[in-house]
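*Asks:* Would you mind keeping the following structure in view while I ask a few things?
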Amino acid sequence: MNRPAQGVLLLLVGAAVLRAGTTDLYLRYVRTGLRPLLLGAGVVLIVAALTTFWYERRARHAAPHAHREPRVAWLLLLPMLVLLLLAPPALGSFSAARSGTALGAAPASDQPPLPEGDPVRLSMMDYASRAVYDNGRSLAGRHLTLSGFVLPGDGGTWYLTRMVITCCAADAQPIKVGLTGTVPGRLKANDWIQVTGSYATRKDRDPVNQEPIPYLSVESSTPIPAPARQYES
Amino acid sequence: MKKLLVLLVLVVALQAPISHAVSAPAVQNWMTVFIAVVAQALPFLVLGVLLSAVIAVFVPPSFFVRALPRRPALAVPVAGVAGAVLPGCECASVPVAGALVRRGVTPAAALAFLLSAPAINPIVLTATAVAFPRDPRMVLARFGASLLVACVMGWLWLRLGRPDWLRPPPRPSFEGDGRWGAFWGSVRHDVVHAGGFLVVGAMAAATLKAVVPAGWLHAVAALPVVSVLVLAVLAVILSICSEADAFVAASLSQFSLTAKLAFMVVGPMIDLKLFAMQAGTFGRRFALRFAPATFAVAVLGAVAVGAVLL
């Protein structure tokens, strides 16, 4: 790979990274906090590409550059083309079905009281850890709203699910909450819904890792479009 | 150059059939994880490449002669502790260690830095403390075990390493372009070079993550020796950034603390994408010897520290 081709490659990588960082695209792959770093990296890559063209023009009359980069460098094109042209979606039910619910990472009991509101909107992680570690004490008598995508379980159960990430989608793990009560009909895997209901005492074990899955007793539900920020973190 | 343009035109023209061909959930899942590993690593790679270019162009070799003890056996632990100042994950430390070697730092010290930096910097230790709120000793164990393993590997290199194993691929010379020309030339070279190897590692990690079923982890969690080895191998396969691995370790709740420690000590030192990048920076002969040795020392170090502290 000669110097001008390296310049084009860097320009493409920089443009792809900037495109992902300036839109909501990056949220499908990495945590929100990485955005400034992505933008900074994109700018550096584009400056590196421009300086390559600049020094190449100046060096045209000098001795030719013998050094070429190894072929493996071409592989850098692959993720950038996938990102720009295919933009694969955020991880959903396919990935969630293959991994166990990730409550093991949740902090210990002593949950603070729920915030005000009726119904009160909770993250899936918050609901699941209150339901499991606190046996639902802090949830008693309250109306709660959760949102996520649905995942079919054994015996016709539906799990409301959200992927939790720390750095990027490679470390994503699901949080699953079983739905009981007025579960909407005609669901299919990966549909996003918002449900309102109350704490249910029933608990299951995740078949993948035997961790507890709490339940929510659903009173009402509505289909919603998938949010830009699909992961909890 | 022409090949590149033809390829780009072809890919854009065939976008619709290509995206149809990759619409299966398993393939989409693979692509998302693949892009995620690359997107997560790239900013830190760029950071490391910038630092490496600063070292290569603006820091004179005499600085390292003064900063490090003259005796290599003492330079190893000093370089290991110095790893604490490089904030970020393992992708940043590979190009920096490469620049240190080219700048005349004794390879044993540069290798100790390479191994310790991603594991003992404050960001990673803070993340570990947050991930293990009930086991604060985990932070101390991680720091101690990682530093110990980094130093042991440095000393091992002093005793057993042979200079001809360490054969970095040839680098272009940037003479005649001035200091800034050399700076940007170094940045371009490192990004293109290490980036290609990063992609190889990310593809391997995404593939293995898709193939290895999560269910078998549960089956082996109760076996003491096997569980340590399984989590150590898992750390190599998953290639998770060192800022995130503590949370993944904490979620493997059926496993013993020592097994989780092994996961966090091995991961930042050797995994699939690191192996590819080390092979690209220091040569394949080096990586083929260094990676298995690192794995073995890291597992032993984690078990020893775990036995004392956990």
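Nothing in this text is a laboratory measurement; each read-out follows from the coordinates by a stated rule. What you see is a predicted model; the values in this text were computed from it and never measured. Positions of Cβ are generated from backbone atoms using ideal geometry, with glycine treated the same way; all protein chains shown enter the neighbour counts.
*Asks:* Mind listing the long-range amide H neighbours of residue A:213? Cut-off is under 5 Å, sequence gap 5 or more, other chains count too, H placed in the peptide plane at 1.01 Å from N.
*Replies:* A:204, A:205, A:206
*Asks:* If you plug each phi of the stretch A:148-160 into the Karplus form 6.51 cos²θ - 1.76 cosθ + 1.60 with θ = phi - 60°, what whole-Hz ³J(HN,Hα) values come out, in order, with x for Gly and Pro?
*Replies:* These are the phi-based 3J(HN,Hα) values: x, 9, 9, 9, x, x, 6, x, x, 6, 10, 9, 7 Hz.
*Asks:* For chain B, set up a GNM with springs between Cα atoms under 10 Å and report which of B:120, B:35, B:240 has the largest fluctuation.
*Replies:* B:35
*Asks:* Between residue B:164 and residue A:154, what is the FRET efficiency for a Förster distance of 51 Å, r being their Cβ-Cβ separation, to the nearest 0.05?
*Replies:* 0.30
*Asks:* Next question. For the protein assembly as shown, count all C-alpha to C-alpha pairs, find those more than 30 Å apart, and express that count as a whole percent of the total.
*Replies:* 52 percent
*Asks:* How large is the helix-only mean residue ellipticity at 222 nm for chain A, computed as the sum of -39500 (n - 2.57) over DSSP H runs with n ≥ 4, divided by its residue count, in deg cm²/dmol to the nearest 500?
*Replies:* One gets -9000 deg cm²/dmol as the mean residue ellipticity at 222 nm.
*Asks:* Under the rule a/c < 1.5 gives rounded, and otherwise a/b versus b/c splits prolate from oblate, where does the stretch B:23-113 land using the Cα gyration tensor?
*Replies:* prolate
*Asks:* Based on the Cβ-Cβ distance from residue B:59 to residue B:296, what FRET efficiency comes out when R0 is 35 Å, to the nearest 0.05?
*Replies:* For R0 = 35 Å, the calculated efficiency reads 0.55.
*Asks:* Output the direction-averaged projected area (hull surface divided by four) of the convex hull of the alpha-carbon atoms of the stretch A:93-223, in nm².
*Replies:* If I average the Cα hull's projected area over directions, I get 7.6 nm².
*Asks:* Taking a cut-off of 18 Å between Cα atoms, list the lysines near residue B:273, but don't count ones fewer than 8 places away on the same chain.
*Replies:* B:209
*Asks:* To the nearest 10 degrees, how steeply does helix A:35-59 sit against the main Cα axis of chain A, on a 0 to 90 scale?
*Replies:* 10 degrees
*Asks:* Could you size up the charge dipole of the protein assembly as shown around its Cα centre, putting +1 on the beta carbon of Lys and Arg and -1 on that of Asp and Glu, and report it in debye to the nearest 20?
*Replies:* Taking the Cα centre of the protein assembly as shown as origin, the dipole is about 1680 debye.
*Asks:* Can you pull a Stokes-Einstein diffusion coefficient for chain A at 37 °C (0.692 mPa s), Rh from Kirkwood over Cα pairs, as a whole number of µm²/s?
*Replies:* In µm²/s, the coefficient is 161.
*Asks:* Got the relative contact order for chain B handy, in percent, Cα pairs under 8 Å and 6 or more residues apart?
*Replies:* 22 percent
*Asks:* Mind giving me the nanometre distance, one decimal, between the label points for residue B:66 and residue A:35, set 7 Å out from Cα along Cα→Cβ?
*Replies:* Those two pseudo-labels are separated by 4.3 nm.
*Asks:* In whole Hz and in residue order, list the ³J(HN,Hα) couplings for the stretch A:86-94 that follow from phi through the Karplus curve 6.51 cos²θ - 1.76 cosθ + 1.60, θ = phi - 60°; x for Gly and Pro.
*Replies:* Using θ = phi - 60°, the values come out as 9, 6, x, x, 5, 4, x, 5, 4 Hz.
*Asks:* Enter the Cα centre distance for the pair the stretch A:157-175 and the stretch B:1-68, rounded to the nearest angstrom.
*Replies:* Cα centres, the stretch A:157-175 to the stretch B:1-68: 25 Å.
*Asks:* Please identify the chymotrypsin sites (Phe, Trp or Tyr not before Pro) of the stretch B:1-66 that satisfy two criteria: DSSP loop assignment and at most 13 other Cβ atoms within 10 Å. Which are they?
*Replies:* Those that pass, being in a loop and sparsely packed, are B:58.
*Asks:* With each run of n ≥ 4 DSSP H residues scored as -39500 (n - 2.57), what mean residue ellipticity at 222 nm is computed for chain B after dividing by its residue count and rounding to the nearest 500 deg cm²/dmol?
*Replies:* So the calculated ellipticity at 222 nm is -25500 deg cm²/dmol.
*Asks:* Under the rule of at least 5 residues apart or a separate chain, name every residue whose amide H is placed under 5 Å from the amide H of residue A:181.
*Replies:* Close amide H contacts, sequence-distant or interchain: A:218.
*Asks:* Using r as the Cβ-Cβ distance of residue B:284 and residue A:201, and R0 as 60 Å, what FRET efficiency do you calculate, to the nearest 0.05?
*Replies:* For residue B:284 and residue A:201, the calculated efficiency is 0.55.
*Asks:* Name the residue farthest towards the positive end of the dipole of the stretch A:3-86 from the options A:80, A:33, A:8, assuming +1 on Cβ of Lys and Arg, -1 on Cβ of Asp and Glu, about the Cα centre.
*Replies:* The Cα lying farthest towards the positive end belongs to A:8.
*Asks:* Quick query: amide H of residue A:194 versus all other amide H atoms, modeled in the peptide plane; which residues come in under 5 Å with a sequence gap of 5 or more or a different chain?
*Replies:* Those qualifying (amide H under 5 Å, at least 5 residues apart or on another chain) are A:222, A:224.
*Asks:* For the stretch A:3-86, what is one quarter of the convex hull surface built on the Cα atoms, given in nm²?
*Replies:* Answer in nm², one decimal: 6.0.
*Asks:* Taking beta carbons within 10 Å but only from partner chains, what does the mean come to for residues A:155-168?
*Replies:* 3
*Asks:* For the stretch A:93-223, give the magnitude of the charge dipole about the Cα centre (Cβ charges: +1 Lys/Arg, -1 Asp/Glu; no others), in debye to the nearest 20.
*Replies:* Around 240 debye, computed over the stretch A:93-223.
*Asks:* Show log10 I(q)/I(0) for the stretch B:1-153 at q = 0.19 Å⁻¹, two decimals, from a solvent-free Debye sum over equal Cα scatterers.
*Replies:* Per q value, in the given order, log10 I(q)/I(0) is -1.10.
*Asks:* Could you give the semi-axes, largest first, of the ellipsoid that matches the stretch B:25-309, computed as the square roots of 5 times the alpha carbon gyration tensor eigenvalues and rounded to whole Å?
*Replies:* 31, 22, 16
*Asks:* Starting from the Cα gyration tensor of the stretch B:105-185, take the square roots of the eigenvalues, sort them a ≥ b ≥ c, and report rounded, prolate or oblate (rounded when a/c is under 1.5, otherwise prolate if a/b is larger than b/c, else oblate).
*Replies:* oblate
*Asks:* For the stretch B:122-198 and the stretch A:1-53, what is the separation of their C-alpha centers, rounded to whole Å?
*Replies:* 22 Å
*Asks:* Relative contact order for the stretch B:171-310: what percent, with Cα pairs under 8 Å and sequence separation of 6 or more?
*Replies:* Taking the mean separation of contacting Cα pairs over the length of the stretch B:171-310, I get 27 percent.
*Asks:* Then there's this: Looking at B:86, A:182, A:124, which one has the Cα that reaches farthest to the positive end of the dipole of the protein assembly as shown (charges on Cβ: Lys, Arg +1; Asp, Glu -1)?
*Replies:* Most positive-ward Cα: B:86.
*Asks:* Work out from phi, with θ = phi - 60° and the Karplus expression 6.51 cos²θ - 1.76 cosθ + 1.60, the ³J(HN,Hα) of each residue of the stretch B:111-125, listed in order in whole Hz, and give x for Gly and Pro.
*Replies:* Per-residue couplings from phi come out as 5, 4, 5, 3, 7, 7, 3, x, 9, 10, 6, x, 5, 5, 5 Hz.
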